[in-house]
Amino acid sequence: MPRPLSRKLCRRSKGLSQRRERFPIEGQRTLRQIGICSVAGLLVAFVAGCGAGGAAGGGAEAGEKIQVAVTISVVRDLVEQVGGDRAEVFSIVPVGGSPETFQPSPRDAGRISESQVVFENGLGLDSWVEDLISSAGNEEQTVVELSEGLEPIEGGEHEAEHGAQHEEEGEQAHEHAEGNPHFWLDVANAEYYVERIRDTLSEVDPNGAEEYEANAREYLAELEELDEYIKERAGSIPEERRKLVTFHDAFPYFAEAYGFELIGVVLENPEAEPGSREVAEVVRTIEEEEVPVVFTEPQFNAGLADTIAGEAGVEVQELYSDTLTEDETAGTYEAMMRTNIDRISEASS
Ligand SMILES: [Zn+2]
């Protein structure tokens, strides 16, 4: 049954509010506010559905794998790289899904309650997970917001359409820091995530600390190579052509790290289609800036990008941001980043 939040949760909340002071919220509302009651209801329904034989609780026996829940498949890969054979990792948002429009199910609530560790990204990307966590009330659970401690770039998509609804509710407790949540698209930030994952797993499962350390060391070396590769390929694109029009606002950290200019976003708000004026503006920007390609992302309907590309007379290509793919194109974080820079580089040269 639901118990009070653990101390870990409370400490983390303090960190959130401290950061919020540096990046004040202006009427910003989060997905997690959509339905606290409905999510709590989901968990109750799940536990009731399991009956007395339900698997609520968690806590692995000796020799069993530690159970880890993450919100997005990109982070699942990072945790699997560090956790190796010792960790079983479950991504709540399935491959191909969008964390920004995701609705948790009773099954997700159950999986969360059984997990010893939960990794969330933070900054509003996956804040719905916090209702699942508090409903689960697993005091033994370690919850880590991976982006905590990184300096956010302002902007990023939020759920503007839900704002009015929550104004009415007068809900203050779930505000979050402002800034773009897509840190991992700069490899240096992914390395930061990996270090935090290593430290967390080592703390929760001290017997595996050496293994986590070794896995992380090897993987961080691969990420260093990946970072070099992206810098090299980006650097070979003439500077005046290093301009991107992406589908949603996921690439500011990528752009900053690798020297690109973000000149347009097709979908300002992942939950609402843009109007004809916005579409016309994107088309005009593409023409003025002579951008050769419009990038789609698999978690969104490509129809809109096709329309824009057709009107502007440019190519359409797919990039990866919030989800991996089932195939090898973006089957891992590393593959995803290589495919992205290869496609950008081919389209821009
Ligand atoms: Zn996103």
TODO: Please list, in chain and number order, the residues 5+ apart from Glu261 or on another chain whose amide H is under 5 Å from its amide H, with Hs placed from the backbone.
DONE: Lys243, Leu244
Task: Point-charge dipole on Cβ atoms (K/R +1, D/E -1) for the range 234-348, about Cα centre, debye to 20 - done: 200 debye
Open item on the list: Per 0.36 nm of contour for each residue apart, how much would the distance between Ala188 and Glu278 grow if the chain were fully extended, relative to their Cα-Cα spacing?
Closed with: 29.1 nm
Task: Point-to-point label distance, Thr285-Ile263, nm (Cα→Cβ direction, 7 Å offset) - done: 1.0 nm
TODO: Show the residues, 5+ positions off or on another chain, whose built amide H is closer than 5 Å to the amide H of Phe247.
DONE: Val266, Phe295
Open item on the list: For a quick check: sort Leu201, Leu185 by the number of other beta carbons within 10 angstrom, fewest at the front.
Closed with: Leu185, Leu201
TODO: First measure r as the distance between the Cβ atoms of Glu239 and Glu140, then evaluate 1/(1 + (r/R0)^6) with R0 = 41 Å and state the FRET efficiency to the nearest 0.05.
DONE: 0.20
TODO: Starting from the eigenvalues of the Cα gyration tensor, five times each then square-rooted, give me the equivalent ellipsoid semi-axes of the range 176-316, largest first, whole Å.
DONE: 36, 18, 11
Task: Phi to ³J(HN,Hα) by Karplus 6.51 cos²θ - 1.76 cosθ + 1.60 over the range 228-244, Hz, x for Gly, Pro - done: 4, 4, 5, 4, 5, 5, 5, x, 7, 7, x, 3, 5, 9, 7, 10, 10
Task: Fully extended contour minus Cα-Cα distance, from Glu151 to Ala214, at 0.36 nm per residue - done: 19.9 nm
Open item on the list: Whole-Hz ³J(HN,Hα) for each residue in the range 287-297, computed from phi via Karplus 6.51 cos²θ - 1.76 cosθ + 1.60 with θ = phi - 60°, x for glycine and proline: what do you get?
Closed with: 5, 4, 8, 6, 6, x, 8, 10, 9, 9, 9
TODO: Give the distance, in whole Å, between the Cα centre of the range 215-242 and the Cα centre of the range 59-116.
DONE: 28 Å
Task: Computed FRET value (nearest 0.05) for Asp85 with Ala302, which takes r as the C-beta separation and R₀ as 41 Å - done: 0.60
Task: Value of D in µm² per second that Stokes-Einstein yields for the range 234-348, Kirkwood Rh from Cα pairs, at 37 °C (0.692 mPa s) - done: 230 µm²/s
- [ ] Pick out, from Val316, Ala305, Ile237, the residue whose Cα sits farthest towards the positive end of the charge dipole of the range 234-348, with +1 on the Cβ of Lys and Arg and -1 on the Cβ of Asp and Glu.
- [x] Ile237
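Values in this text are rule-based calculations from the coordinates and carry no lab data. Predicted model only: the values in this text are computed from it and were never measured. Cβ: placed from backbone, ideal geometry, glycine included. Neighbour counts: every protein chain shown.
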